[in-house]
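Participant: Below is the structure I would like to discuss, written out as structure tokens.
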Amino acid sequence: MDWTEKVVVVTGASKSIGKSISAHFADLGSKVVLGYRSSRDEIEQIVQEIKETTGNSHVTFEKLDVTDREIVKDAFQNILDRHGKVDVLVNNAGISYGGALIPSNPLEKWEEIVDTNIMGTINCIHAVSLPMLMQQSGSIVNIASLSGLIGVERLSAYSASKAGVIGLTRSLGKEYAPFNVRVNAVAPGYIEDTGMVDRIPENQMSEFKKKIAMKRLGSAKEVAETVSFLASEKAGYITGQTLVVDGGLM
Ligand SMILES: NC(=O)c1ccc[n+]([C@@H]2O[C@H](COP(=O)([O-])OP(=O)(O)OC[C@H]3O[C@@H](n4cnc5c(N)ncnc54)[C@H](OP(=O)(O)O)[C@@H]3O)[C@@H](O)[C@H]2O)c1
């Protein structure tokens, strides 16, 4: 598939999986827009790095805090002004928080997770849906999580939010299908060298590792390859699905 004329937007692109997905699409030759929340200096450096390693000069960035609807609206307007279209949206931005759902833990964290992981995904899809539906082509890939399928103790808000993303994917897969816009999700298991896994204590991590059939963590590159497959014409008859990338854990 020729990716050179495809415009790909990745949210949460400043770190780990989002950075890897962005670099992968740049490597394929796409016009990639990296959405960032916190540091402009950091994203400028990443964009420069990706341009140098892939030789693709069509890599840009946009301020895109997915929880702020005004920022989201402005970001997609800027992208549409610059490129005229969005072919692929990868909703990768996400946060997690580990803690028991008991009165001593404040609910604000649960709200923040739901707001970022579900509403953030909805905000971005809402901002891009009309142009995509009107152009009658496009692909949305949401980054869910294995925890949204199996549930994980002390990760209730995160697991619920990712189950929500999976439900959203199923529904929008049906809703947008008549417009030739496909909506799928990738549900990673444990991915090495990422913010989320690095925050898991070592003793807990070694217990998790024992449950992985392939006896190793996944790589961000393996997630990125799955995302580009789902976004590509090779997956032209796939919509509403969640592809699990977990080394056989589930
Ligand atoms: N790592 C894993 O093993 C794993 C497993 C299953 C699913 N996932 C999913 O994969 C995605 C990426 O995970 P990761 O481990 O790469 O995470 P990470 O290293 O913690 O990075 C998270 C990224 O999301 C961005 N972000 C957070 N809140 C945001 C917001 N409100 N608006 C825009 N961007 C925001 C962060 O931006 P700033 O740094 O600029 O704030 C950062 O770039 C998440 O959706 C996660 O749930 C990860």
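Participant: Applying the selection to region 186-204, what residues are outside any helix (DSSP H, G or I) and either among the aliphatic types (A, V, I, L, M) or more than 10 Å from the ligand (Cβ to nearest atom) (or both)?
Facilitator: Within region 186-204, Val186, Ala187, Ile191, Ile200, Pro201 meet the criteria.
Participant: Additional query: State all residues of region 49-84 that are more than 13 Å from the ligand (Cβ to nearest atom), on the phi < 0 side of the Ramachandran plot and assigned to a loop (DSSP other than H, G, I, E, B); if no residue qualifies, say none.
Facilitator: Within region 49-84, Asn56, Ser57, His58 qualify.
Participant: Say we look at region 144-185 and pick out the residues that are near the ligand (Cβ under 10 Å from one of its atoms), in a helix (DSSP H, G or I) and not β-branched (Val, Ile, Thr); which of these is surrounded by the most Cβ atoms within 10 Å (Cβ to Cβ)?
Facilitator: The qualifying residue surrounded by the most Cβ atoms within 10 Å (Cβ to Cβ) is Lys162.
Participant: Hey, Ser139 hits all of (1) farther than 27 Å from Arg216 by Cβ; (2) surrounded by fewer than 22 Cβ atoms within 10 Å (Cβ to Cβ); (3) under 16 Å from the mean Cα position of the chain (by Cα); (4) of a type in the set (S, T, N, Q) but one; which does it fall short on?
Facilitator: (2)
Participant: Mind counting the residues in region 15-30 that are surrounded by fewer than 24 Cβ atoms within 10 Å (Cβ to Cβ) and more than 15 Å from the ligand (Cβ to nearest atom)?
Facilitator: Adding up the residues that qualify gives 3.
Participant: I've got another one for you. Taking interchain pairs and intrachain pairs at least six residues apart, which have beta carbon atoms under 6 angstrom, with the first residue in region 91-115 and farther than 30 Å from Ser228 by Cα and the second hydroxyl-bearing (Ser, Thr, Tyr) and within 13 Å of the ligand (Cβ to nearest atom)?
Facilitator: Listed by first residue and then by second, the contacts come to Lys109/Tyr97.
Participant: Hey, can you tell me all the residues within region 13-48 that are of a type in the set (A, V, I, L, M), touching a residue at least 40 places away in the same chain (Cβ under 8 Å) and not in a helix (DSSP H, G or I)? Please lay out each step first, then the result.
Facilitator: Taking region 13-48 and keeping what is of a type in the set (A, V, I, L, M), we get 13, 17, 21, 23, 26, 28, 32-34, 43, 46-47.
Within this subset, residues satisfying the condition of being touching a residue at least 40 places away in the same chain (Cβ under 8 Å) are 13, 17, 21, 23, 28, 33.
Once the filter is applied, which keeps residues that are of a type in the set (A, V, I, L, M), touching a residue at least 40 places away in the same chain (Cβ under 8 Å) and not in a helix (DSSP H, G or I), region 13-48 yields Ala13, Val33.
Participant: Under the condition of being small (Gly, Ala, Ser) and out of contact with any Leu (no Cβ under 7 Å at 6 or more places or on another chain), which residue from region 70-93 is surrounded by the most Cβ atoms within 10 Å (Cβ to Cβ)?
Facilitator: Going residue by residue through region 70-93, those that are small (Gly, Ala, Ser) are 75, 84, 93.
Right, trim to out of contact with any Leu (no Cβ under 7 Å at 6 or more places or on another chain) and you get 84, 93.
Details: Gly84: 10, Ala93: 25.
Once the filter is applied, the top-ranked residue is Ala93.
No value in this document is a laboratory result; all are computed from the given coordinates. As the structure is a prediction and not an experimental result, all values here were calculated from the model. A quick note on method: Cβ atoms are made from the backbone with ideal geometry, for glycine too, and the neighbour counts reach across all protein chains shown.
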